[in-house]
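Right, one structure below, let's go through it.
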Amino acid sequence: LPHIGYTITRYLYATANVNIPDFFKKSRWPDKYWSEHANWMGYIAISDDETTKQIGRRDIIIAWRGTVTHVEWVANLQNFLKPIYQDIPCPDNDVRVEAGFLDMYTDRQTKDDYCKFSAREQVLGELKRLLEKFPNEEVSITLTGHSLGSAMATLSAFDIAETKLNIRENGEKIHVSVFSFSGPRVGNVKFKGRLESHLGVKVLRVHNKHDMVPKSPGIFINETSPPWLLKIAEDIDIPWCYTHVGVELELDHKISPFLIPDVDAASAHNLEAHLHILDGYHGRNREYEATTNRDIALVNKACDFVKEEHSVPPNWRQDLNRNMVKNEDGRWVLAPRQQVVDTHHEDIEPHLEQIGIPSPSK
């Protein structure tokens, strides 16, 4: 990210042993090339001095990646709400979120170096470290993600504000915001109310109106339901009553002259397509007009969405030779995997203890 003025300070990992099937593609050789229990989930980055001066504050970004499997993972959600206070300190026991998202965020695998600390602990510990590094500067915390990553960004934003990590010792409140792309619903009405009204987290929810993922979970009872129905659903503790959070920015891929109007569900959910539409969005019911000359070829990296006359091959992004290289004997073998140095996260341990989270080893 140096070309846009940010420096990555930590990679994030989450356990793959969650109760939602088909979230991740697992390596065929986990013992040799990857962790059996962990998945790379994103990164934390911070603005450099020049960018900080330009935007007027030191910006910390927490970016969560989406699923790498097909869009059908939504159908595999174990669609029940779990009280958040059991994993994240919250005074309201009625605040609930989708169980699979919460498990992925808070679970750890102590025998695995990548997720010895939970994703939650990695985020909070690194954030505490960075805030202590810039105690006298104005800081903002920006979270973003696509699909599953959107849910993780929303959940971690709630956690940061609930644990008061965004409040300085002098009482100064650090702004926390979320830019969500085509994300599913995360929690119930009480979750929405506490996130927006009590904690003051700002969320911009960007989605394509033809995408099915933002319509789940909570297909039947959600924020579009009458208030009286939502109240009854909450009172009798219906486990599938979900509501979206934040301000909605609804896009429509059919306004773009570059995209095929009628496509499959996976293409409608595609992140690059969202960014393409957003680039030409100038308001509801207005025509598409590109503003940054974003390359249309990016849309077809992992789908077949661009009209044929633009001569962009479908699904063109792939690893060179599937990561096979020719060795000295002339044989083709899998390239050796570069080992990540910072998988242990021990340097965040003292910062976790400062905010009252004990070390996994203790």
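Annotations
- Within segment 246-259, the residues that satisfy the criterion of being within 17 Å of Met212 (Cα to Cα) and open to solvent by 10 Å² or more (accessible area, probe 1.4 Å) are Glu248, Leu249, Glu250, Asp252, Lys254.
A quick yes/no check of all residues on (1) more than 21 Å from Glu121 (Cα to Cα); (2) at pLDDT 90 or above; (3) outside any strand (DSSP E or B):
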| site | (1), (2), (3) |
| --- | --- |
| Thr9 | no, yes, no |
| Asn17 | no, no, yes |
| Lys32 | yes, no, yes |
| Glu36 | no, no, yes |
| Ile46 | no, yes, no |
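- When the residues of segment 113-125 are filtered to those that are more than 16 Å from Pro350 (Cβ to Cβ) and not in a helix (DSSP H, G or I), the one that is modelled with the lowest pLDDT is Asp113.
- Within segment 195-234, if we keep just the residues that are touching a residue at least 24 places away in the same chain (Cβ under 8 Å) and exposed (fewer than 14 other Cβ atoms within 10 Å of the Cβ), the residue that is nearest to Val95 (Cα to Cα) turns out to be Gly200.
- Residue within segment 275-283 that is open to solvent by less than 60 Å² (accessible area, probe 1.4 Å), outside any strand (DSSP E or B), β-branched (Val, Ile, Thr) and under 13 Å from Asp304 (Cα atoms) present: no
- As for segment 142-155, it holds at least one residue that is among the polar types (S, T, N, Q), touching a residue at least 40 places away in the same chain (Cβ under 8 Å), more than 20 Å from Ile355 (Cα to Cα) and in a loop (DSSP other than H, G, I, E, B).
Rundown of residues vs (1) over 23 Å from the mean Cα position of the chain (by Cα); (2) modelled with pLDDT under 90, yes/no style:
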residue	(1), (2)
Asp295	yes, no
Val306	yes, no
Leu334	yes, yes
Val340	no, yes
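- Taking segment 299-313 as the range and being in a loop (DSSP other than H, G, I, E, B), touching a strand residue (DSSP E or B) at 6+ places or on another chain (Cβ under 9 Å) and open to solvent by less than 30 Å² (accessible area, probe 1.4 Å) as the test, the residues that pass are Phe305, Val312.
- Residue pairs whose Cβ atoms lie under 8 Å apart, separated by 6 or more positions or on different chains, with the first residue in segment 287-298 and free of Cβ contacts under 8 Å to residues at least 24 places away in the same chain and open to solvent by less than 90 Å² (accessible area, probe 1.4 Å) and the second of a type in the set (Val, Ile, Thr) and outside any loop (DSSP other than H, G, I, E, B), are Ala297/Val306.
- Just so you know, in segment 165-194 the residues that are part of a strand (DSSP E or B) and of a type in the set (Phe, Trp, Tyr) include one that is least open to solvent (accessible area, probe 1.4 Å), and it is Phe181.
- Residues being under 20 Å from the mean Cα position of the chain (by Cα) and open to solvent by less than 40 Å² (accessible area, probe 1.4 Å) - total across segment 83-107: 12
- Residue match in segment 184-207 (condition: closer than 20 Å to Glu98 by Cα, aliphatic (A, V, I, L, M) and more than 17 Å from the chain's Cα centre (by Cα)): yes
- The single condition among (1) open to solvent by 30 Å² or more (accessible area, probe 1.4 Å); (2) farther than 30 Å from Thr52 by Cα; (3) modelled with pLDDT of 90 or more that Thr110 does not satisfy is (3).
- Test: residue in segment 149-159 that is acidic (Asp, Glu) and open to solvent by 10 Å² or more (accessible area, probe 1.4 Å): no
The values are calculated or read from the model by the stated rules, or taken from the named source; none is laboratory data. Given the structure is predicted, the values throughout are model-derived calculations rather than measurements. All Cβ positions, glycine included, derive from the backbone under ideal geometry; neighbour counts span all protein chains shown. Remember, those area values only see protein heavy atoms, side chains included, never the ligands or the DNA or RNA. Shrake-Rupley method; radii C 1.70, N 1.55, O 1.52, S 1.80 Å.
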